[in-house]
Every structure is written in C-alpha cells, then in structure tokens.
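Below is one structure, written out as structure tokens, with a few remarks after it.
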C-alpha cells in the first residue's frame with residue numbers, strides 16, 4: 001500500500017512541475033481529492049524525492065502569489081457573461 005501512495009505522490013509532483021498547474025487542477029486530472037494531492041506533495045514527497053519536492057514547492061508558491069489575480073479574472077468573466085446573457089434578445093414565448 002505504501003508503494004502506491006509513494007507512486008501517487010511522485011506522479012502528482014511530476015505532473016505539477018510539468019504543467020505548472022494548481023493543486024486543484026492536478027487533483028481533477030488525476031482523479032483524486034485536492035486534500036490528498038496537497039498532502040502528497042507537501043508532506044510525503046519531501047521524504048520520497050526532496051529535489052522534486054523543491055521544484056513542486058516553487059510552482060505552488062508561484063500559484064499562491066497569482067491566486068488573487070485568477071480570482072479577480074474569474075469574477076470579471078462571470079459578470080461579463082451574465083451581462084451579455086441578459087442583454088441578448090429574447091424570443092417571446094406564447
């Protein structure tokens with residue numbers, strides 16, 4: 001069982017470094033929870049592969065520093081879509 005956990009942690013780390021993705025994106029891609037991915041790359045991976053763990057940590061720090069920008073862009077997109085949907089012509093039903 002531990003071999004599977006170590007393999008998953010290593011795979012998560014490699015995926016994050018290769019794609020520069022967030023923990024949530026990695027979890028979705030690998031079919032596991034974001035809590036599991038986070039625990040794998042922050043707690044288990046340093047014991048398995050310290051060099052990979054450092055590279056993952058660098059990616060996660062970049063993602064953390066950009067988080068507020070992504071959130072703002074997402075909110076802006078949401079309201080633009082709502083505005084365009086409400087201003088599009090509707091067909092009368094009846």
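Read the figures in this text as sums done on the coordinates, not as results from a lab. What you see is a predicted model, and the numbers here were worked out from it, not measured in a lab. FYI the Cβ positions are ideal-geometry reconstructions off the backbone, even for glycines, and counts take in every protein chain you see.
Backbone N atoms of the range 1-41 closer than 20 Å to the 7 Å Cα→Cβ label point of residue 51 belong to residues 6-20, 41.
Label-to-label distance, residue 14 versus residue 32, with points set 7 angstrom from Cα along the beta-carbon direction: 1.3 nm.
How much mean residue ellipticity at 222 nm does the chain get from its helices, if each DSSP H run of length 4 or more adds -39500 (n - 2.57) and you divide by all residues, to the nearest 500 deg cm²/dmol? -25500 deg cm²/dmol, from helical runs alone. The mean sequence distance of close C-alpha pairs (under 8 Å, at least 6 residues apart), as a share of the length of the range 1-83, puts its relative contact order at 29 percent. Counting 0.36 nm for each residue step from residue 25 to residue 43 and taking away their Cα separation leaves a gain of 4.6 nm. Between residue 3 and residue 87, full extension at 0.36 nm per residue minus the direct alpha carbon distance yields a gain of 24.7 nm. One equal scatterer on each Cα of the chain, no solvent, Debye formula: the resulting log10 I(q)/I(0) at q = 0.11, 0.16, 0.20, 0.24 Å⁻¹ is -0.44, -0.68, -0.91, -1.16.
From the square roots a ≥ b ≥ c of the eigenvalues of the alpha-carbon gyration tensor of the range 2-50, which class results: rounded (a/c under 1.5), prolate (a/b over b/c), or oblate? Prolate shape, in that a/c is at least 1.5 and a/b is the bigger ratio.
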